[in-house]
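So the structure is just underneath, and the comments pick up after that.
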């Protein structure tokens, strides 16, 4: 398969965003940031979309991160802007890590709501080894999602970890055999489809604000009270009450 820029494919109510530079371990080139951002905006505008799945082509590496040769003079705001846009994606996002993950791609995965990995995969954050002080958004996500102790180990000792520890520290929600990866993704999608779409949007937005420590309690309560008055809640409760 020829290496090319990340692709976007709609399969029913799910968008699949795939990194496609297999011979280069699905590295993220500078221009890919703009492409991915465009894909995200296209997905947001898609009527009836329920979720976004981010994955990599091939069977070895999810992504080796940002192109090393471009870090010094092309690591500009495009990369951070793209990551922030993925983190703010209003619908549930699933990162299906088809292999190992390195560098900036670890933060790409952290921007997603759910991360499912495969047995035998590894994780490495080499920023300190190459003399790079990480950007603020990435440090925030590491500490918020993984905790300070794990962030210190990954950033300050630059040690590689493997699938079991990736699961233990919360980088992964599940580890499955490679052949079961898409089946695991589908289980999450089934759960998402069973939920009320409007509630998923407000719940995700509120969870992200609480995690960032900048939430408005009145806004959270307004979302709660609006759901109590919604036709969707009434209809779902009526359906449940009618079951034998």
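Checked against (1) more than 15 Å from the chain's Cα centre (by Cα); (2) surrounded by 15 or more Cβ atoms within 10 Å (Cβ to Cβ), residue 159 meets all criteria but (2).
Looking across region 130-153, just one residue is over 19 Å from residue 102 (Cβ atoms) and in a loop (DSSP other than H, G, I, E, B), and that is 147.
Residue-wise test of (1) over 17 Å from residue 105 (Cβ atoms); (2) touching a residue at least 12 places away in the same chain (Cβ under 8 Å); (3) outside the structural domain of residue 121 (by TED's automatic domain parsing).
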| position | (1), (2), (3) |
| --- | --- |
| 12 | yes, no, no |
| 17 | no, yes, no |
| 21 | no, yes, no |
| 24 | no, yes, no |
| 27 | no, yes, no |
| 32 | no, yes, no |
| 40 | no, yes, no |
| 44 | yes, yes, no |
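If only residues of region 141-156 that are touching a residue at least 12 places away in the same chain (Cβ under 8 Å) and surrounded by fewer than 17 Cβ atoms within 10 Å (Cβ to Cβ) are counted, the one that is nearest to the chain's Cα centre (by Cα) is 144.
Screening the candidates 222, 234, 211, 205 for the property of being in contact (Cβ under 8 Å) with a residue 40 or more places away in the chain, more than 22 Å from residue 47 (Cβ to Cβ) and outside any loop (DSSP other than H, G, I, E, B) yields one hit, 211.
Residues in region 162-191 that are in contact (Cβ under 8 Å) with a residue 60 or more places away in the chain and either over 18 Å from the mean Cα position of the chain (by Cα) or not assigned by TED's automatic domain parsing to the domain that holds residue 126 (or both): 178 alone. So for region 87-97 (the condition being part of a strand (DSSP E or B), within 23 Å of residue 32 (Cα to Cα), in the same structural domain as residue 25 (by TED's automatic domain parsing) and in contact (Cβ under 8 Å) with a residue 60 or more places away in the chain), does at least one residue qualify? Within region 87-97, one or more residues are part of a strand (DSSP E or B), within 23 Å of residue 32 (Cα to Cα), in the same structural domain as residue 25 (by TED's automatic domain parsing) and in contact (Cβ under 8 Å) with a residue 60 or more places away in the chain.
The values are calculated or read from the model by the stated rules, or taken from the named source; none is laboratory data. Here the structure is a predicted model, which means the values were calculated and not measured. Neighbour counts are summed over all protein chains in view; Cβ atoms, including those assigned to glycine, are modelled from backbone coordinates with ideal geometry.
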